[in-house]
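K.L.:
This is the structure I want to talk about, given as structure tokens.
The values are calculated or read from the model by the stated rules, or taken from the named source; none is laboratory data. Because the structure is predicted, anything quoted here is derived from the model rather than measured. Here the Cβ positions follow ideal geometry from the backbone for every residue, glycine too, while neighbour counts run over all protein chains shown. Areas reflect the complete protein model, heavy atoms only, side chains present, ligands, DNA and RNA absent. Shrake-Rupley method; radii C 1.70, N 1.55, O 1.52, S 1.80 Å.
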Amino acid sequence: MAWISVDQKLIGGKLRSLYKAIGCSQNEAIGILITLWLWGIDNAEMDGLIVSADRSDIAGVLQTGLSSSLDAESVVESLIDSGWIDDVEGQLYLHDWEDWRSYYNRYIKEKESNAKRQSKYKARKRMEREENGESNVTSDVTGNVTENGKDQGGQQETPENQEHSGGKQESKYGPEFEEFWKIYPRKVDKGQAFKTYKSRIKDGFSPEDLKQAAEAYRRQCEREHTEQKFIKHAKTFLGTNLSFTEYIPKKAEPEQQQTGGGTSGQYANPFRRGGK
């Protein structure tokens with residue numbers, strides 16, 4: 001989904017010049033501009049250059065929904081004459097395009113930046129696994145060797161619990177995660193949540209860090225009466241963007257460090273050390 005930014009600065013002398021030149025109302029002129037800009041999201045570069053399109057192409061876009069009393073090609077000329085489209089040596093640009101789609105541009109840049117960060121993170125984790133000699137064969141928290149969700153006997157693991165020789169049902173996720181899960185305010189996709197939980201533990205976060213973050217997030221949801229559908233899944237909450245660190249409470253530093261003029265506290269998670 002894409003969007004453009006339209007605010008009160010649109011209504012002014014420049015818009016007035018446009019609708020007078022076209023011979024339409026102010027609202028009709030605004031509709032023409034929004035139609036042009038929405039089309040431009042997929043047909044113009046970030047600097048406003050309209051790609052492989054001329055005046056007739058733009059007229060064809062504006063023709064749909066245009067009043068029968070208005071000529072689409074004349075509207076395009078009025079857009080150029082009024083400065084809404086720039087003609088630079090035969091190339092057409094949407095004027096001030098970076099302003100009108102600034103929020104969308106920022107979204108695209110952040111999305112690309114996040115994708116690169118995620119790719120680097122996955123590559124680093126893959127290298128760490130290779131250096132540690134890890135493979136698809138792993139050991140679950142009960143100590144049973146598993147491969148692709150099956151134990152050594154080829155039996156599929158049960159969704160929630162493992163049955164041990166004594167007939168006692170015990171969680172395969174371990175007591176620390178079960179404590180986290182009991183606290184977390186939305187119970188969805190427990191298996192994936194556990195995988196993400198283990199990844200954060202491997203990153204250096206303690207079970208207590210994650211438990212405290214879950215408690216703080218649950219209190220916030222209760223305080224703000226957040227609907228269930230808007231509460232993050234646990235696997236998202238514990239994701240690689242580390243959003244959960246905002247909910248880890250600060251820990252007071254030893255008193256002797258405070259006397260030296262240092263900060264009064266720091267986040268419990270290791271990624272916050274060193275000023276990050």
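K.L.:
Looking at segment 34-55, which of its residues are polar (S, T, N, Q) and more than 20 Å from Leu18 (Cβ to Cβ)?
P.N.:
Asn43, Ser52
K.L.:
Looking at Lys14, is it closer than 30 Å to Lys202 by Cβ and either modelled with pLDDT under 90 or part of a helix (DSSP H, G or I) (or both)?
P.N.:
no
K.L.:
Of (1) touching a residue at least 40 places away in the same chain (Cβ under 8 Å); (2) over 16 Å from Ile248 (Cα atoms), Ser206 satisfies all except one. Which?
P.N.:
(2)
K.L.:
Looking at segment 74-83, can you tell me whether even one residue there is in contact with an Asp or Glu (Cβ under 8 Å, 6 or more places away or on another chain), at pLDDT 90 or above and not acidic (Asp, Glu)?
P.N.:
yes
K.L.:
Could I ask something else about it? Filter segment 40-72 for residues that are open to solvent by 50 Å² or more (accessible area, probe 1.4 Å) and among the β-branched types (Val, Ile, Thr); which is modelled with the highest pLDDT?
P.N.:
If we take residues in segment 40-72 being open to solvent by 50 Å² or more (accessible area, probe 1.4 Å) and among the β-branched types (Val, Ile, Thr), then Val51 is modelled with the highest pLDDT.
K.L.:
Okay, moving on. For segment 16-27: of the residues being out of contact with any helix residue (DSSP H, G or I) (no Cβ under 6 Å at 6 or more places or on another chain) and free of Cβ contacts under 8 Å to residues at least 24 places away in the same chain, which is most open to solvent (accessible area, probe 1.4 Å)?
P.N.:
Per the stated criteria, the residue is Lys20.
K.L.:
Which condition number in (1) open to solvent by 60 Å² or more (accessible area, probe 1.4 Å); (2) modelled with pLDDT of 90 or more; (3) out of contact with any Ser or Thr (no Cβ under 7 Å at 6 or more places or on another chain) is the one that Ile30 fails?
P.N.:
(1)
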